[in-house]
Structure formats: structure tokens, C-alpha cells
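Right, one structure below, let's go through it.
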Amino acid sequence: MVPTGVRALPDDRVGARASDAGATDPIAPSLEAAPLAAIVDLVRSGRARTRPQLAEVTGLSRKIVTQRVEQACEGGLLREAGFAPSEGGRQARLLEFNRDAGRVFAVVVGASEMRVGVADLAGTLLDVTHEEWSVETGPDSTMARVKAHLDALAAGHVVDRPWGIGIGLPGPVEIGSARLIDPAIMPGWDGFSARAWLREHYDAPVWVDNDVNLMAVGEWAFGDGDRSHDMLFIKAGTGIGSAFISRGRVLHGQRGAAGDIGHIHVTDDADAVCRCGQTGCLEAVAGGWSLLVEATARAEASPILARAIAERGRVELGDIGAAARAEDPIVRDLVLRRATALGAVAANLVTFTNPGELVIGGGVLRAGAELIERIATVVRARSTRMASEELTIRAASLDQLEGVMGAAYLAAESLLAPSALARWVDEGSPFGHAAALQRHRAAFV
Ligand SMILES: [Zn+2]
């Protein structure tokens with residue numbers, strides 16, 4: 001599931017010139033200015049795995065390479081990893097990036113749940129906590145809850161201090177300021193800075209993004225798909241959102257609002273009242289919350305939903321899934337109508353962006369495979385031929401963990417982007433550089 005060479009970008013290859021790093025990081029340190037950072041980066045990206053390869057790729061003398069590798073090993077960032085296959089002469093010792101040199105924290109707060117994790121420097125989750133949680137409780141109680149989970153995980157994994165933190169929130173995040181801007185469903189959060197809050201408590205660099213963007217990043221980095229493909233990711237949970245990754249980069253738009261499709265206008269039906277206060281929004285006709293509202297209203301006609309109301313006083317998405325699997329005709333109708341509406345919007349997005357993969361994630365996946373099939377049918381029928389002919393349409397593959405995985409990946413990759421690495425590599429850890437580091441962001445996320 002999790003690749004070992006996490007930066008296995010399509011153009012990765014042993015023997016590439018160091019200057020090729022500029023293709024993914026426009027302000028990569030030059031070899032002359034930051035040879036240690038360049039060497040760590042070459043090993044981490046898999047472009048050089050041995051001292052002779054490093055000498056060849058960098059053009060540095062073997063003596064200088066040996067000194068720098070020694071420094072990186074002493075600092076804990078590189079480690080020996082056995083021997084390279086013999087090519088006749090003496091076997092060269094393999095080097096690898098030490099993903100255990102530090103830990104990052106990863107957080108995704110959705111509208112109705114949160115996932116909090118601890119990960120290594122490859123962005124691989126080591127542990128994760130899940131809790132049903134309403135974001136409507138506001139930023140103070142939500143962040144206090146996040147911190148309680150982080151502290152418990154840190155204690156369990158003997159993490160004194162995180163090297164960096166990635167966090168996703170279910171609203172529009174302004175990419176420059178890292179603040180939430182007018183989030184429709186998050187009372188009390190407008191202008192809130194999760195970065196400032198977490199910095200105050202952990203003194204680590206914090207990278208913030210919209211939760212759907214991080215779900216797409218997690219699925220792209222660790223999921224079933226092909227990383228060389230452009231990916232359109234649609235989250236259909238309580239709310240609806242989308243993200244687009246093209247050539248390995250998340251589309252943020254001018255400020256970070258790109259992809260927020262939940263409140264685009266899809267119908268003139270005045271009865272389609274949305275929780276944002278408008279009418280006719282996509283969420284009002286296809287969102288998980290509207291599904292629950294309508295399922296509750298029609299629960300009497302469905303034995304499974306009626307039982308949920310009798311037992312718990314409310315219907316949850318899990319009940320919808322159970323009813324869908326039992327081929328309950330009421331629920332099937334509700335789900336398929338939503339899939340059709342979502343498919344129509346997805347078809348437009350596919351026509352506009354021409355992705356290689358369309359991935360559907362979020363809580364509505366619990367409603368079963370028929371939902372994806374219906375979305376796929378509508379997308380294929382309504383998008384242009386060239387845009388859809390080679391398109392793969394599938395469900396997210398990481399069991400709802402893609403968001404927290406994406407948050408971990410964002411933090412790890414941003415810490416280790418060559419331009420960021422150059423700031424702290426001589427000291428062996430990023431401590432004390434939080435303010436400067438969080439201005440860096442891995443080029444492709
Ligand atoms: Zn709306």
C-alpha cells in the first residue's frame with residue numbers, strides 16, 4: 001500500500017543530474033551552496049543510492065562525498081542499508097534516507113469526524129485515532145480535542161516534539177495566510193488560524209489546507225492509482241468538495257478556494273434549501289446531510305431506517321449503507337438520485353480538466369458500489385469523448401485514511417523539500433526554524 005520510495009515521481013531515475021531537482025523545486029539549493037542538503041535529497045529521492053553514484057551525479061570528489069555522507073549519517077538523516085548488487089568490483093554500500101529521524105503529526109478535521117495521526121518522515125502513518133466530532137462545536141473545543149489526541153499519540157510513540165504538522169480543515173483555507181475564510185458550515189471558525197494555534201502549542205512548522213485537497217494528496221501519494229496521472233478527486237461526505245492534482249501539483253487557484261464545488265448552483269428548485277442558506281446548491285441535492293434529512297423524512301417506509309430512528313432517534317450514513325446493501329428500495333432511490341446529480345457535475349469537471357483518474361471518496365461510499373457505477377455511467381455519457389475515453393473512475397482506496405495520510409505527506413514533504421532542508425540540515429533537525437520553514441511548501445502540494 002505504502003511505497004518505500006515516496007518521492008517516486010515519474011521523472012525519478014538514478015543518474016539524473018542534481019540540477020533536475022529544479023524541476024520539482026524551483027528554489028532548490030545549489031550543490032555549491034548546500035552540498036549536504038543536496039546529498040540528502042538525492043538519496044531520499046532515490047536518484048543516487050551509493051557513494052559512487054553520488055559522486056557521479058554531483059560531480060563532487062569521492063572524498064567530499066564521503067565526508068558529507070558521514071556528516072549526514074552522524075546527524076541521523078542518512079543510514080546504511082546493506083550492499084548494492086555487485087558490478088564486478090567492490091560492492092558499494094547502499095544508503096537510505098532515515099525516515100525515523102523525526103516524526104510529524106497529521107490531522108484532518110471533517111464536518112462530523114476527525115482523524116489524528118503520527119507519521120514518519122516518509123509521511124507513512126504509524127498510528128491514527130478516529131473520533132466522531134462535530135466541527136460546529138467551534139475552534140477552541142475542536143483544537144483542544146485534536147491536541148488531546150496528538151498528546152496521547154506522542155506519548156505512545158515516545159515523540160518529545162514533532163518536526164512538523166499537517167492539518168486539513170473542512171472549509172476554504174487561504175493558502176497564503178493559512179486562515180479559514182468564511183467557511184459555510186463552521187460557525188465561529190471564520191478567520192481562525194490552526195497554524196497559529198498549533199505553533200503556540202508545539203513550536204513546529206504547520207501546513208494547513210482544505211481537507212479535500214489533502215484527501216486527494218493522500219490518495220495520489222499512497223493509493224491504488226498511477227501517480228503519473230492527473231487526478232480529479234471528489235469527496236461526497238456530509239458535504240461535497242473536490243480537488244484536482246495535475247502533473248503532481250494540487251490546483252489551489254489564486255487564494256486556495258479552487259475545487260469548492262459543494263455550493264455551486266445546480267438547480268432552480270426553490271425547495272432545494274442548502275445549509276449554507278442558499279437554494280439550489282449541489283450539496284442540497286447530493287450531499288450526505290441532505291441524504292440524511294430526506295432519509296429521515298421517509299424512514300417510516302423503510303424497515304432499516306425505521307429501526308434506526310426507533311433505536312437512536314436518528315439516521316446515520318452507516319444505516320444508509322446497511323439499507324442500500326439490503327436493497328431497500330427507498331434508500332436505493334435516494335442514493336441513486338444523488339449519484340446522478342453528482343455525476344452530472346463530475347462530468348462537467350472531467351470535460352474541463354481531462355483527468356486520468358476520477359476518484360470518489362467520503363462517507364457516501366458506505367452507500368455501496370452502485371453509487372460509483374451510477375456516477376461513472378453519467379460521467380461517461382455526459383463528458384466529451386477524448387476527456388473520458390481513457391479515464392479511470394474508481395472509489396478511494398485507503399479506507400477513509402487518505403486525508404490524514406495526505407496531511408502527513410504534506411508535512412513530511414514540505415520539511416524535506418530541498419529549499420527547506422537547506423535551512424536546517426546542518427543542525428540535524430528543524431527545531432528553531434518553524435516560522436521560516438512553514439513559508440516553504442513542497443512544490444507539488
Ligand atoms: Zn450551499
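The values are calculated or read from the model by the stated rules, or taken from the named source; none is laboratory data. Quick caveat: nothing in here was measured; it's all calculated off a predicted structure. Because the Cβ atoms are built from the backbone with ideal geometry, glycine has one as well, and the counts that use them run over all protein chains shown. Ligands, DNA and RNA are stripped out before the accessible areas are found, and what is left, the full protein with its side chains, is counted by its heavy atoms. Shrake-Rupley method; radii C 1.70, N 1.55, O 1.52, S 1.80 Å.
Couple of notes before you dig in:
- With respect to the conditions (1) more than 14 Å from the ligand (Cβ to nearest atom); (2) open to solvent by 10 Å² or more (accessible area, probe 1.4 Å); (3) within 18 Å of the chain's Cα centre (by Cα); (4) in the same structural domain as Ala376 (by TED's automatic domain parsing), Leu232 lacks only one, and its number is (2).
- Taking the conditions (1) in a helix (DSSP H, G or I); (2) surrounded by 21 or more Cβ atoms within 10 Å (Cβ to Cβ) in turn, Leu358 satisfies each one other than (1).
- Restricting Asp209, Asp260, Asp269, Asp182 to those that are within 14 Å of the ligand (Cβ to nearest atom) and either part of a strand (DSSP E or B) or assigned by TED's automatic domain parsing to the domain that holds Lys147 (or both) reduces the list to Asp182.
- Conditions (1) in contact (Cβ under 8 Å) with a residue 40 or more places away in the chain; (2) within 17 Å of Asp182 (Cβ to Cβ); (3) open to solvent by 30 Å² or more (accessible area, probe 1.4 Å); (4) away from the ligand (no atom under 13 Å from the Cβ); number of the one not met by Asp226: (2)
- For Ala310, the criteria (1) part of a helix (DSSP H, G or I); (2) surrounded by 15 or more Cβ atoms within 10 Å (Cβ to Cβ) hold in every case but one, which is (2).
- Among the candidates Leu121, Leu126, residue that is open to solvent by 10 Å² or more (accessible area, probe 1.4 Å), closer than 29 Å to Arg79 by Cβ and not assigned by TED's automatic domain parsing to the domain that holds Trp289: Leu126
- Just one of the listed residues (Gly248, Gly287, Gly277) is within 16 Å of the ligand (Cβ to nearest atom) and open to solvent by less than 30 Å² (accessible area, probe 1.4 Å), and it is Gly287.
- Single unsatisfied condition, Asn348 versus (1) within 16 Å of the ligand (Cβ to nearest atom); (2) assigned to a helix (DSSP H, G or I); (3) surrounded by fewer than 18 Cβ atoms within 10 Å (Cβ to Cβ): (1)
- Residues of region 240-272 satisfying the condition of being under 24 Å from Trp133 (Cα atoms) and over 17 Å from the mean Cα position of the chain (by Cα): Ile261, Gly262, His263
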